[in-house]
Amino acid sequence: MRRGPGGEASLRRRRGPARLWVAVATLVAGTIWLCSSSSVGLFGASYRVQDVDVNKLWRTADSNGWRASSAPRTYWPSPPTESESSGYLRVRCNGGLNQQRSAICNAVVAARIMNATLVLPELDTNSFWHDESGFVGIYDVPHFIKTLKYDVRIVMSIPEITVNGKTKKLKAHQIRPPRDAPVSWYATVALEKMKKYGAVYLTPFSHRLAEDIDDPELQRLRCRVNYHALRFKPQIMKTSSEIVNKLRSEGHFMSIHLRFELDMLAFAGCIDIFTPHEQKILIKYRKEHFAEKLLVPKERRLIGKCPLTPEEVGLILRAMGFDNTTRIYLASGELFGGKRFIKPFKAMFPRLENHSTVGPGKLEENTQGLAGSAVDYMVCLLSDIFIPTYDGPSNFANNLMGHRMYYGFRTTITPNRKALAPIFIDRAQGRAAGFEQRIRQVMFNTHFGGPHKRIHPESFYTNSWPDCFCQTNARNSADRCPPGNINDVLESQFQSEEEMEESRTANQTDSAGQTEEAMI
């Protein structure tokens, strides 16, 4: 039915207020959603900070139906045989235990890209750790090779070759790879040198492969190396297990990686809380080990670049609701500044342990250098709650957070140092009103180790979701879990290839036989 001019004007007048109310209602709803979404974390719904039950943190984070899976989801050809290989790849992994761990994963992926045979990676153990144990002293080598047999061919050393009747070891051509080199660099520059010389030696090999790779199967290979192939030696695993069992015999326990050591404090430039003598030590260490750069301690603290002090960690835990009966395992090197820094923390949380106080009788001889770091790593991995106080690149904590996600979304409490800095500065200057409430507002606004989108600069090794995870009842086919576990998937595929090869060989033999019969 047509309306006259008067009817249309009347309708517009009636629609005006209605549209206004819809707009107001939408704005209010949006505001409520924003406020509630900022308070959604482990508990899956909006909440008031004062009502949070801290005991829920002892459970794993909400997985939202996701589980770890790094098995291939597309065709994954078997690695080359000795005759098919492009050559041999040697790498020297530098840095601490976990920086080297990431480098080992990158080395396997690089070998896969180049269709190369990987020589067991070398660890730079002496320059920092003064430890000559190397890969074979830390990791279970037979397990490493066996686990990756469907991914890369691995040998203990470069073989000998015969030239002009003389036998000698093949010499690898040394190359310094670009930092965060793309896949294309390995597929062209490095591969060309390998084909020319038969072997290449990439050193140093820390951060030498880009973390963002478009091929999801290569990313899943990284996870297979990191979370399945890299297993510590039996003695390290046994020692770690004994410590965990002893700690858990009395209930839940949390682990804290307290990064309050000379090297990290000097690197961060956070020296203002120390005595003049201690500041001289830190400044001297920084000049000797790091590039010259003007660092202002207060500015560093405000942007979250300073490791938390032991007392700050204690105040955070107390504000969150943990009491003095909480059992804590401390993973740390020698704390800088002496006992005065650990004393206030221990006063708040007296049930404090480390691998020396809670370990078996002969633990010390098994936990020197890299092995000691490996024991701390395993105890932190298996703890009910893990708290990193400094999560810089390639840091011990960085890799652990990713491993705990993969290991069933185990609760990780990650302090937002930038958000916490003004709260602690106010307290130090006598403005302590609402201190604990402000701490809780920061600490409970997080994912607690549950699945979450990776945002730069977060590392792939810290968060491999969703690449290395799947959903049983996924709406998106790309997220659907493959049947069986990793070995089942790879072995069935590998056996299929072997059967096809046997069938092809048999057919060729039959064909040759028929030809011979025809000729006779």
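The values are calculated or read from the model by the stated rules, or taken from the named source; none is laboratory data. These numbers come from a predicted model, not from an experiment. Every residue, glycine among them, receives a Cβ derived from its backbone with ideal geometry; neighbour counts consider all protein chains shown. To get the accessible areas, we keep the full protein, side chains included, count just its heavy atoms, and leave off ligands, DNA and RNA. Shrake-Rupley method; radii C 1.70, N 1.55, O 1.52, S 1.80 Å.
Restricting attention to the stretch 206-226, does a residue exist that is in contact with a Lys or Arg (Cβ under 9 Å, 6 or more places away or on another chain), more than 27 Å from PRO457 (Cα to Cα) and of a type in the set (Asp, Glu)?
no
Filter the stretch 354-393 down to residues that are modelled with pLDDT under 70 and in a helix (DSSP H, G or I) and give me whichever is surrounded by the fewest Cβ atoms within 10 Å (Cβ to Cβ).
Looking at residues that are modelled with pLDDT under 70 and in a helix (DSSP H, G or I), I get GLU365.
When only residues in the stretch 296-309 that are within 28 Å of the chain's Cα centre (by Cα) and assigned to a loop (DSSP other than H, G, I, E, B) count, which is surrounded by the fewest Cβ atoms within 10 Å (Cβ to Cβ)?
ILE303
Would you call GLU499 modelled with pLDDT of 85 or more and not in a loop (DSSP other than H, G, I, E, B)?
Criteria not met by GLU499.
Can you confirm whether GLU312 is surrounded by 15 or more Cβ atoms within 10 Å (Cβ to Cβ) and acidic (Asp, Glu)?
Judged against the criteria, GLU312 is a match.
Identify, from the list PRO142, PRO80, the residue that is modelled with pLDDT of 90 or more, open to solvent by 10 Å² or more (accessible area, probe 1.4 Å) and over 23 Å from LYS171 (Cα atoms).
On inspection, the qualifying residue turns out to be PRO142.
Quick one: how many residues across the stretch 417-437 are open to solvent by 80 Å² or more (accessible area, probe 1.4 Å) and either in a helix (DSSP H, G or I) or not aliphatic (A, V, I, L, M) (or both)?
5
Do we have any residue at all in the stretch 401-408 that's crowded, with 17+ Cβ neighbours inside 10 Å, in a helix (DSSP H, G or I), of a type in the set (A, V, I, L, M, F, W, C) and touching a helix residue (DSSP H, G or I) at 6+ places or on another chain (Cβ under 6 Å)?
No: zero hits.
Let's see how each residue does on (1) part of a helix (DSSP H, G or I); (2) at pLDDT 85 or above:
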{"site": "ASN398", "(1), (2)": "yes, yes"}
{"site": "ARG440", "(1), (2)": "yes, yes"}
{"site": "ASP467", "(1), (2)": "no, yes"}
{"site": "PRO482", "(1), (2)": "no, no"}
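Can you name every one of the helices (runs of 4 or more DSSP H) wholly within the stretch 190-266 that holds 1 or more residues which are open to solvent by 10 Å² or more (accessible area, probe 1.4 Å) and either among the β-branched types (Val, Ile, Thr) or over 30 Å from ASP479 (Cβ atoms) (or both)?
Per the criteria, 191-197, 234-248.
Which ones in the stretch 192-212 are hydrophobic (A, V, I, L, M, F, W, C) and more than 16 Å from the chain's Cα centre (by Cα)?
Our first condition is that a residue be hydrophobic (A, V, I, L, M, F, W, C); within the stretch 192-212, this holds for 194, 199-200, 202, 205, 209-210.
Of everything in the stretch 192-212, those that are hydrophobic (A, V, I, L, M, F, W, C) and more than 16 Å from the chain's Cα centre (by Cα) turn out to be MET194, ALA199, VAL200, LEU202, PHE205.
Suppose we filter the stretch 336-353 for residues that are farther than 19 Å from PHE386 by Cβ, part of a loop (DSSP other than H, G, I, E, B) and of a type in the set (A, V, I, L, M, F, W, C); how many remain?
Residues that pass the stated criteria total 1.
Starting from residues that are touching a residue at least 24 places away in the same chain (Cβ under 8 Å) and open to solvent by 70 Å² or more (accessible area, probe 1.4 Å), keep the ones in the stretch 268-292 and report whichever is farthest from TYR377 (Cα to Cα).
ASP272
Can you tell me which residue in the stretch 91-126 is most open to solvent (accessible area, probe 1.4 Å), limited to those that are within 21 Å of LEU191 (Cβ to Cβ) and in a loop (DSSP other than H, G, I, E, B)?
ASN115
Among the residues in the stretch 169-178, are any part of a helix (DSSP H, G or I) and touching a residue at least 24 places away in the same chain (Cβ under 8 Å)?
no
Within the stretch 145-168, work out how many residues are part of a strand (DSSP E or B) and either more than 27 Å from the chain's Cα centre (by Cα) or charged (D, E, K, R) (or both).
Residues in the stretch 145-168 being part of a strand (DSSP E or B) and either more than 27 Å from the chain's Cα centre (by Cα) or charged (D, E, K, R) (or both): 8 in total.
Considering only the stretch 315-335, how many residues are of a type outside the set (S, T, N, Q), over 26 Å from the mean Cα position of the chain (by Cα) and open to solvent by 30 Å² or more (accessible area, probe 1.4 Å)? So that I can check it myself, show each step before the final result.
Step one: filter the stretch 315-335 for residues of a type outside the set (S, T, N, Q), giving 315-323, 327-331, 333-335.
From what's left, over 26 Å from the mean Cα position of the chain (by Cα): 315, 318-319, 321-323.
Next cut, open to solvent by 30 Å² or more (accessible area, probe 1.4 Å) only: 318, 321, 323.
The qualifying residues number 3.
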